[in-house]
Amino acid sequence: GDKVKQSPSALSLQEGTNSALRCNFSIAATTVQWFLQNPRGSLINLFYLVPGTKENGRLKSAFDSKESYSTLHIRDAQLEDSGTYFCAAGAGTGSNRLTFGKGTKFSLIP
Amino acid sequence: NAGVIQTPRHKVTGKGQEATLWCEPISGHSAVFWYRQTIVQGLEFLTYFRNQAPIDDSGMPKERFSAQMPNQSHSTLKIQSTQPQDSAVYLCASSGTGGSQNTLYFGAGTRLSVL
């Protein structure tokens, strides 16, 4: 099965609403990175996480290594938030290699 | 800082031809990664270098694929005798090393189409 499972696979919301994306890991993740792939295809790094939480503007992310999951919360969603969100797990000390989830396709309804 | 630069953006090859993809990492970054993205498989790790040395190539198909990093300013991914199943977006990324410097920065990718 997938080592990094993302849910939901797709999400359509109205502007201004809040949402939560989740990743569950079946590998011993020690770090997590979240990316947004915009409609042009560029992968933009949103967060680098060790266990704990980080916040940046309307985005907030948490990583719990003991329970093997990470979340990404989007507050007051805007059109520029549209795209596909990927989480990726780094496993083991010193390992830079990331294992990616299949992504959550995020669409905003004006 | 121009970010990670990949060339060409698009490449079309005939079955059996060779394709060479180029990547220029962010200046000062010591780690360079290659990933491949397809609709079916998603983002798959291929290989990575640290300080120009190959560290992990466990994701590379054993035949026809090779990667090199001859100097700190560029890396190449070469695919010999391309096959239609090699069609994908090939993404290069770079990072520093240690803690949050492991943050990965991706290039725009090279879309390879094998006819």
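The values are calculated or read from the model by the stated rules, or taken from the named source; none is laboratory data. Not measured: the values here are computed from a predicted model. Positions of Cβ are generated from backbone atoms using ideal geometry, with glycine treated the same way; all protein chains shown enter the neighbour counts. Side chains are part of the model used for accessible areas, which takes the heavy atoms of the whole protein and leaves out ligands, DNA and RNA. Shrake-Rupley method; radii C 1.70, N 1.55, O 1.52, S 1.80 Å.
Does the range B:90-107 hold any residues that are part of a loop (DSSP other than H, G, I, E, B) and closer than 16 Å to A:Phe86 by Cβ, and which are they? Within the range B:90-107, B:Thr103, B:Leu104, B:Gly107 meet the criteria.
In the range A:20-42, the qualifying residues are those that are within 16 Å of A:Phe106 (Cα to Cα) and modelled with pLDDT of 95 or more, and the one that is farthest from the other protein chains (Cβ to nearest Cβ) is A:Ala20. So, A:Gly52, is that one without any contact (Cβ under 8 Å) to a residue 40 or more places away in the chain and either within 14 Å of chain B (Cβ to nearest Cβ) or farther than 26 Å from B:Cys92 by Cα (or both) or not? For A:Gly52, the condition - without any contact (Cβ under 8 Å) to a residue 40 or more places away in the chain and either within 14 Å of chain B (Cβ to nearest Cβ) or farther than 26 Å from B:Cys92 by Cα (or both) - is met.
Of all the criteria given as (1) at pLDDT 95 or above; (2) surrounded by fewer than 22 Cβ atoms within 10 Å (Cβ to Cβ), the one not satisfied by B:Gln101 is (1).
Among the residues of the range B:14-41, the ones that are outside any loop (DSSP other than H, G, I, E, B) and surrounded by fewer than 18 Cβ atoms within 10 Å (Cβ to Cβ) come to 3 in all. Just a yes or no: is a residue in the range B:74-92 closer than 29 Å to A:Val50 by Cα and open to solvent by 40 Å² or more (accessible area, probe 1.4 Å)? No, the conditions are met nowhere in the range B:74-92. Under the condition of being of a type outside the set (S, T, N, Q) and modelled with pLDDT of 95 or more, the residues counted in the range B:27-38 number 5. Residue count for the range A:70-106, restricted to those that are farther than 19 Å from B:Gly42 by Cβ and assigned to a strand (DSSP E or B): 3. For the range A:4-11, the condition holds for at least one residue, the condition being that it is within 11 Å of chain B (Cβ to nearest Cβ) and open to solvent by less than 20 Å² (accessible area, probe 1.4 Å).
Identify the residue in the range B:42-55 that is in a strand (DSSP E or B) and under 16 Å from B:Ser73 (Cα atoms) and, among all such residues, is most open to solvent (accessible area, probe 1.4 Å). It comes out as B:Pro54.
The set of residues in the range A:18-27 being closer than 23 Å to B:Ala93 by Cα and either more than 11 Å from the chain's Cα centre (by Cα) or part of a loop (DSSP other than H, G, I, E, B) (or both) consists of A:Phe25, A:Ile27.
Would you confirm, using the coordinates I've provided, whether B:Gly109 is over 14 Å from the mean Cα position of the chain (by Cα), on the phi > 0 side of the Ramachandran plot and either within 11 Å of chain A (Cβ to nearest Cβ) or in contact (Cβ under 8 Å) with a residue 60 or more places away in the chain (or both)? Here the answer is no, as B:Gly109 does not meet what is asked.
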